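Written out below as structure tokens is the structure these notes cover.
The numbers here are math on the coordinates, done by the rules we state, and not lab data. In this text, all values refer to a predicted model and were calculated from it rather than measured experimentally. As a convention, Cβ positions derive from the backbone with ideal geometry for all residues, glycine included, and neighbour counts pool all protein chains shown.
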Amino acid sequence: MRHEAPSLALKLVDDLVAEGQTHFTFNEARRRLDRSPSATANLLRRMVSTGLLDHVRRGHYVVRPLGVLGTRAVAEDVAIGVAAAFSGQPHRLAYRTALDEHDLLVHPVRTIYVATSRRTRAKSLSGRPLRTVLEPVTAIHVGAIARGPSRMSGLERALLDAAARPDLAGGAAVLAEAITSAGHDVDPERLTGFAERLGWAAALRRIGSISDALAVEGLAGRLGPLHPPVADLDLEPGEQAGCVWRDARWRVRWGRSRDELGNVARE
């Protein structure tokens, strides 16, 4: 087996690449190699150590593209690592990760945020922290787009994600930064439609309040609530600063002044 290992490793990689497959599981490798569990595990460990594969989580592997054998799969393309880790499971790159993938944030995001319908024990992918957010199966793919072999929140869904859970986006300042950066690229009708399908009236109110108050080009004055607000809503739930300014139209309470949040969003 020791002498066969190099040829078996190359054959496994060649077969996967020829089929256009970027990721696989331990059980699939064992079936393809026709070896015992221990022999398969030993070979895969050698392939990881030599850089042919990346072990993204228990039992899940990614074939390393030529030219980037010295880097982790998630470092090169987060969608590849996520697709391997959540193969066969409804999922979506979401929240702050989706904002980052849409180039809406100035500061890079290390934690990988994945919306999924099932719990997972994995806490990291290829050495990067992993945060999973449980969502109903019916909500996972609403507003999602293809991202390589994986799925990701489209632009409008990414903003709704962040507005529904500002804590998973980095707070109101990051939400305002993303909305300001998106501007003309956002389709107001699509944004409103997704909010209605998801039942996320509060998220739409936060986006509308920021868009109008900060005069975001492309969005200001073009959004409306799903139904007339009957109670006030915090721009950032749980914020300790209290209400500094209240948006009368959207009935959203801000913990910062419009000028302060606008300056932070445009830094």
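Backbone amide hydrogens, once placed in the peptide plane, bring residue 234 within less than 5 Å of 253, excluding anything fewer than 5 places away on its chain.
The GNM of the chain, with springs linking C-alpha atoms under 10 angstrom apart, assigns the highest mean-square fluctuation among 131, 256, 46 to 46. Within the listed set 30, 121, 92, the residue fluctuating most in the Gaussian network model of the chain (springs between alpha-carbon atoms under 10 angstrom) is 121. Modelled spin labels at residue 15 and residue 145, positioned 7 Å past Cα toward Cβ, are 3.6 nm from each other. Result for the chain in a Gaussian network model with C-alpha springs under 10 Å: among 196, 156, 177, the largest mean-square fluctuation is at 196. Estimated at 0.36 nm per residue, the fully extended path between residue 185 and residue 107 surpasses their Cα-Cα distance by 26.0 nm.
The Kirkwood hydrodynamic radius of the chain, based on inverse pair distances between different Cα atoms, is 20.2 Å.
Rounded to the nearest whole Hz, the Karplus-based 3J(HN,Hα) values (6.51 cos²θ - 1.76 cosθ + 1.60, θ = phi - 60°) of segment 94-104 follow the sequence 8, 6, 5, 5, 5, 4, 5, 5, 8, 6, 9, with x at glycine and proline. Scanning residues 5 or more positions from residue 23 or on other chains, those with amide H under 5 Å from its amide H are 63, with H placed 1.01 Å from N in the peptide plane.
Extension gain for residue 89 to residue 34 (0.36 nm times residue separation, less C-alpha to C-alpha distance): 17.2 nm.
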